[in-house]
Structures are given as structure tokens and as C-alpha cells.
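Read the figures in this text as sums done on the coordinates, not as results from a lab. Values in this document were obtained by computation on a predicted structure and should not be read as measured data. Note that each Cβ is placed from the backbone with ideal geometry, even for glycine, and that neighbours are counted across all protein chains shown.
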Amino acid sequence: MADGLISGIAAPVARFLAAPHDGLLHPLWFIAGGAITLLVSGLPFRIPQQYWRFSGVADLRGIAAASIGGAALFSLTLWLSGFPLPSPTFPLIYALVLLVGLGGGRLLTRLYGRMRQQAQGQAKRVLLAGSDLSADLFLRALERAPEARYEVLGLLTRSPGQQGRRLQGVPILGTTDDLSDVLARLADSDSAPETLIVTDPEWRGSQLSVVLDAGQARGISVQRAPSLTNLTPAQEIQMRPIALEDLLNRPEVPLDREGMARLIQGQVVMVTGAGGTIGSELARQVAQFGPSQLLLLDHGEYALWQIDLELSELFPHVSRHVIVGNIRDAQRIGEVFAHHRPTLVFHAAALKHVPIVETNPCEGVLTNVIGTRIVADAAIRHGASAMVLISSDKAVNPSSIMGATKRCAEIYCQALAAEAEARGSIFRCVTVRFGNVLGSTGSVVPLFRRQLEQGGPLTVTHPDMTRYFMTVPEAVGLVLQASVRGTATRRQKDETDLRLQQGGIFVLDMGEPVRILDLARQMIRLAGLRPDEDVAIRFTGLRPGEKLYEELFHGREAPVPTDAPGLKMATPRLIDLEAATVLLQRLEAVSLVDDVSDALTIIQDLVPEFAHNPLGEVRHTTPPRLPEGRGQASGNQAFVP
């Protein structure tokens with residue numbers, strides 16, 4: 001009705017503009033004809049179905065086409081009826097008047113909706129940071145959300161050439177490098193924003209840290225907008241805090257997903273420790289590639305139930321078998337392998353908590369060393385083509401029993417791989433070593449979050465403590481990448497293949513090490529609090545088995561790049577399989593009777609570089625290289641690993 005009314009009025013207005021000397025008075029059929037012809041010509045372009053308040057560029061194209069069609073149809077009707085056209089330019093003038101009338105009506109409706117929204121309550125002053133595309137999506141989303149009352153003061157982008165322009169009436173004030181100056185100018189004019197909103201989902205690492213630090217310096221909260229491309233008009237726009245994972249300054253590594261599909265699709269795949277942090281993520285990512293069967297093995301019933309329930313919802317088409325079993329039980333593991341005959345085994349089951357293994361050393365040996373041997377032997381005996389061992393950076397120059405047991409597991413798998421290569425066997429044993437993952441069970445991040453919920457203090461063992469960090473999905477993706485590369489069969493051997501034959505171990509490119517003190521400070525800031533003022537940080541001293549700096553390579557191991565992105569290779573000392581087997585048999589015997597002294601002696605024989613630190617003494621070694629500007633632990637530097 002509104003479109004018909006506008007087009008009816010447009011007809012005499014266009015006639016007057018085309019022939020002013022004829023006057024404004026016209027017969028009623030002239031008005032009715034203008035309305036009818038527009039409504040008829042607008043049907044193919046769905047003009048009656050347009051939502052005026054949310055009209056956009058696509059709607060404007062439809063209006064333009066309908067205006068041209070309506071003007072042409074009306075002019076043709078006049079000509080066929082014998083009524084002379086007011087002037088030869090009448091069709092063009094009528095089309096333009098229709099375009100202005102129909103488009104203007106929609107524009108006024110949008111403006112009215114925005115003014116009404118702002119008048120409903122006190123609008124929060126915000127400053128946007130992101131690309132022009134993401135900011136445009138955010139501004140459009142605000143128009144669709146009557147409950148979101150924001151007064152957008154300006155926009156900061158990455159491109160300096162955009163400064164001074166306007167986006168939907170919002171000025172582009174500069175780049176994120178100018179953020180401190182922009183905030184100072186807005187504060188001087190009494191229009192400082194209450195919140196900084198990051199609209200671009202791709203902004204991470206150092207770029208995000210700049211925004212966070214500038215906002216925290218002036219007591220302005222920083223939030224991230226939701227994924228606007230997936231937001232429906234009925235959904236509420238809910239901002240979320242900046243996640244710690246977003247601050248990891250790590251470029252995305254291209255993954256060989258085709259190779260992963262060839263490795264996994266249609267195969268029987270087993271994941272041990274499937275209820276743990278790494279094991280459960282392995283199960284998720286493996287399920288994406290459509291194995292014929294996915295075997296989930298763990299000794300914890302509840303953890304298994306959780307991951308099985310999640311996979312049933314995410315990948316209902318993947319056949320799964322939930323297996324409760326302990327990798328230390330050779331008979332049970334043998335029965336499982338004999339029944340299901342997995343082709344590919346991801347061995348993530350282990351005891352990983354350093355202080356707990358220190359107080360239960362023989363349990364650590366039986367799980368991490370003997371359990372690994374049991375799984376590996378069963379894999380070979382029952383025809384598996386490959387086993388992937390998940391290792392740790394704590395296996396390098398270990399100071400803890402946990403780290404030493406992981407190195408023993410590495411040694412046995414190295415020996416198996418070398419023996420299989422010498423015999424021409426199809427079996428491959430791939431070892432992947434990496435550092436901490438953010439949010440894993442028992443890691444520092446969940447501990448800090450729990451302590452923050454309780455009001456602090458945050459406990460840090462030592463001001464100089466550093467660790468390597470990576471997100472769980474990223475680490476598991478690279479584990480699969482290493483699995484593809486480690487099991488590849490090539491006619492022409494390259495340097496990576498030769499090193500694998502010599503017992504090479506894949507090491508994930510963990511980026512730069514992170515000072516735990518900086519991590520604690522940043523987590524306090526992300527919670528909107530001030531370190532040392534709102535939340536205290538307390539130093540507790542090193543725990544048994546800990547060292548200040550973890551290493552990814554032994555001092556005599558030069559990190560060697562591989563032909564697979566995100567992967568490096570270490571070539572630690574190789575032990576003959578027969579000798580390793582004898583030592584592991586002795587180690588199992590003494591561990592079964594809880595003879596800690598003899599167990600440590602045998603571990604020392606296997607791992608001569610094992611420098612046990614049972615009292616948690618501070619042993620200063622050469623610290624890993626930190627990013628520039630991170631030299632003082634007591635400073636307030638940005639967390640930019």
C-alpha cells in the first residue's frame with residue numbers, strides 16, 4: 001500500500017516536472033495508473049516483500065529495476081490509450097521520481113528506527129577496532145538489534161589510507177597504532193568511550209595486544225564482537241571478553257588435510273587416553289576424516305562417556321567403540337587389538353602431572369614407559385601400520401621423573417622404528433614432541449582461572465619461569481600433520497626421511513616461550529582487574545622435578561626444519577632395540593615391587609642426561625630467547641608469545 005501510494009503521487013509529480021505548463025491537476029486514473037503499473041512491474045523484483053527497515057544494496061537494485069519497469073509500463077499504457085506523453089523525457093523523469101520516492105521512504109524508515117532505538121535508553125559509547133568489512137557488518141547488526149544500545153564514536157582500522165573517511169556515518173579516526181592518541185583526544189573532548197569493541201575475528205596476537213594494552217592503560221574494557229556472519233536478526237548481540245588464546249601470536253600453519261584424509265579415511269583408528277585433553281581433541285579431529293571405526297580407549301569411565309557423547313552429536317555417522325582399559329594391562333590391550341585390529345594408533349595415554357609422578361615414581365614408570373611398550377608391541381603384533389606417540393618437551397634434558405619416563409618411551413619407540421625400517425616392515429612408529437597446551441587438564445591456565453574466581457592470589461612458582469604454549473586444536477592438527485609425514489612412503493628419500501630412519505623425532509614449532517608471570521598478569525587484565533592492586537601474585541617456589549626453562553631440543557640436538565610446515569625434527573641418541581628391551585624388562589620388574597631406587601638407577605642408564613631435581617631447586621641454565629621487550633619479569637609487558 002505504501003509503495004502504491006508513493007508511485008501514485010510520483011506520476012503527477014513526474015508529469016509536472018516534464019511539462020510544468022500543464023499544471024498539477026490530473027485525472028484520478030492518472031494517479032491510479034501510476035500505482036498499478038509500479039505494483040505490477042515490482043512483482044518480479046519482490047518489491048512487496050521487502051523489509052523497509054532493513055533495506056540494503058540488493059533492495060536498492062530491485063527498486064531501481066522496478067522504477068524503470070514501472071515508468072516504461074506506464075508510458076506504454078499512455079501511448080496505447082492515445083494519451084500523449086507530457087514530454088519525450090517523461091519516462092526517464094518518472095523513473096527517477098519513483099526511485100527517489102521508494103528509496104527515500106525506506107531510508108527514512110531506517111533512520112527513524114535508529115533514532116527510536118537511541119531514544120529508548122542511555123547508549124553506551126564505544127570505539128570499534130577492525131577491518132572496514134567487519135565494522136560494516138557490526139553496524140548493520142546494531143540496526144537489527146533494538147536491545148543493543150551503542151553510540152559508536154569512531155572506527156580504527158589497519159590501513160592508514162582510510163583515515164578521515166566515514167563508514168555508515170561513523171568516522172574512521174586512524175589505525176590501531178594511533179589508538180592511544182585517539183583515546184587521549186576523545187578524553188579531552190569529554191567523549192571517551194566506555195568500551196573498545198574488536199569487530200574483526202582475525203585480529204589476534206600482537207595486534208590484539210596493542211588494543212588491549214591501550215584500553216587497560218585508560219581503564220577501558222575491551223570486548224570482542226560475536227561472529228556476525230552467522231548472526232540471525234532474531235539473535236541478541238552479545239559481546240564476549242578477549243580470550244587468552246586470542247593473544248597467541250602464531251601464524252596459521254597450512255595443514256595437509258588431503259594427506260590426513262588418505263591416512264585416516266576408511267581405517268580403524270585407535271586413540272588411547274581418549275578422555276584426556278589431547279586424546280579427546282585427537283578423537284574429534286580424526287572423526288572429521290571418516291574412519292571406518294574409531295576406538296576410544298581410556299581407564300576413566302566418566303571421561304570416556306563425555307567424549308563419546310560429544311562425538312555422537314558432532315559425528316553421528318562415525319562408528320565408535322568405547323573401550324575401558326588400562327594400557328598397563330598387557331592381556332586386556334592384547335585382547336582389544338586382536339578383536340578390533342586397528343590400522344593406526346594414537347598413543348596419548350600417560351601420567352603427565354610432574355609433582356604427582358614425583359611422589360608416585362613407579363606408577364609413572366608403569367604407565368608412561370611400560371604402558372607405551374605394551375601398546376607398541378600389540379600394535380606390531382596385530383598388524384597396525386603405524387603408531388604415533390605423543391611426547392613432551394619435558395623429555396628433553398629431564399629434571400623430573402615424568403620427563404625421564406617420557407624420554408624412555410621415546411627411546412623405545414625410536415628403537416622400534418629403526419628395527420622396522422631395517423627389516424623392511426610396513427610398520428611406522430612416529431614420535432611427536434611438544435610443550436604445554438592452553439587449557440589442558442592440570443595446566444596453569446585453568447589454575448589461574450580458578451584462583452581469579454576466588455579473588456586471588458595467583459600463584460607463580462618463580463619470576464623467571466617460562467614455558468612454551470600452543471592451543472589444543474593447533475597442537476593436535478600438527479600431530480596429524482606429523483603422522484602424515486612420518487608414515488609417507490617415497491621412492492626418492494629426502495633429508496627428513498633419512499632422519500626418520502635414524503630415529504628422528506618430530507617437534508612442533510611452538511613459537512616463542514612465554515613467561516608465566518606475564519601470563520598471570522595478562523589473565524588478571526583480561527578479567528578487567530589490575531595486577532598487584534586488585535589481585536595479588538604470590539611466588540611459591542619450584543615444585544619437585546620442575547625446572548625454570550623447558551627445552552624442545554637437547555643441547556647437542558640442532559633443530560632441523562622439515563619439508564612439512566610447522567614441524568621440526570630432533571635426532572636424539574638411538575639405542576638398540578634389544579638393549580632397550582632388556583632395560584625396560586628390568587625397569588618393569590623393579591617398578592612392580594615399588595623399588596624406587598633401582599628404578600631411578602635404570603632410568604639413569606637409559607637417559608644419561610637425566611638430572612633429577614626432587615627438591616625443586618632453582619638451577620639457572622641458559623634461558624630460551626624471549627621476544628624483544630620481555631626481559632624484565634616484573635614489568636607490565638604485553639603477552640605476545
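I want the local charge near GLU419. Using Cβ-Cβ distances under 10 Å, sum +1 for each Lys or Arg and -1 for each Asp or Glu among the other residues.
-2
Karplus-derived 3J(HN,Hα) values for the range 580-594, using 6.51 cos²θ - 1.76 cosθ + 1.60 with θ = phi - 60°, are 5, 5, 4, 5, 5, 5, 5, 5, 5, 4, 6, 6, 5, 9, 6 Hz; glycine and proline are entered as x. The H on the amide N of PHE539, modeled in the peptide plane, is under 5 Å from the matching H of VAL460, each at least 5 residues off or on a different chain. Annotation: for a label point projected 7 angstrom from Cα along Cα→Cβ of ASP464, residues of the range 510-529 with backbone N closer than 15 Å are 515-517. At full extension, ASP188 and VAL324 could sit 42.5 nm farther apart than now, given 0.36 nm per residue minus the alpha carbon distance. Under 5 Å between amide hydrogens, built in the peptide plane, is the criterion, and for ILE242 it picks out ARG224 among residues at least 5 positions away or on other chains. Put simply, the amide H of LEU167, placed in the peptide plane, has neighbours under 5 Å in ILE172, leaving out anything fewer than 5 places away on its chain.
What is the fewest-to-most order of SER134, SER312 by other Cβ atoms lying within 10 Å of their Cβ? Show your work: numbers first, answer last.
On the way: SER134 22, SER312 11.
Fewest-to-most ranking of SER134, SER312: SER312, SER134.
With neighbour counts taken as other beta-carbon atoms within 10 Å, the residues CYS408, CYS413 rank, fewest first, as CYS413, CYS408.
Taking the Cα centre of each part, how many Å lie between the range 579-617 and the range 337-365? Spelled out, the Cα-based centre of one part sits 17 Å from the other.
The shape of the range 456-502 can be summarised by an equivalent ellipsoid whose semi-axes, obtained from the alpha carbon gyration tensor, come to 38, 14, 6 Å from longest to shortest. Couplings for the range 355-360, taken from phi via the Karplus curve 6.51 cos²θ - 1.76 cosθ + 1.60 with θ = phi - 60°, read x, 5, 5, 4, 8, 9 Hz in order; Gly and Pro are left as x.
Counting charges near GLN293 (Lys, Arg +1; Asp, Glu -1) among other residues having Cβ under 12 Å from its Cβ returns a value of +2.
Quick one: net charge of SER597's neighbours, Cβ under 15 Å, K/R +1, D/E -1?
On the way: positive: ARG586; negative: GLU358, ASP594, ASP595, ASP598, ASP605.
Spelling it out: positives minus negatives among the neighbours equals -4.
If neighbour count is taken as other Cβ atoms inside 10 Å, put ILE390, ILE516 in order from fewest to most. Don't jump to the answer; show the numbers that get you there.
Values: ILE390 27, ILE516 23.
Final ranking by Cβ density, sparse to dense: ILE516, ILE390.
3J(HN,Hα) couplings calculated from phi for the range 533-541 with the Karplus curve 6.51 cos²θ - 1.76 cosθ + 1.60 (θ = phi - 60°) are, in sequence order, 10, 7, 10, 7, 10, 10, 8, 10, x Hz; Gly and Pro show x. When every Cα-Cα distance of the range 284-391 is counted in 5 angstrom steps from zero, the calculated P(r) takes the values 2, 11, 21, 23, 20, 13, 7, 2, 0 percent.
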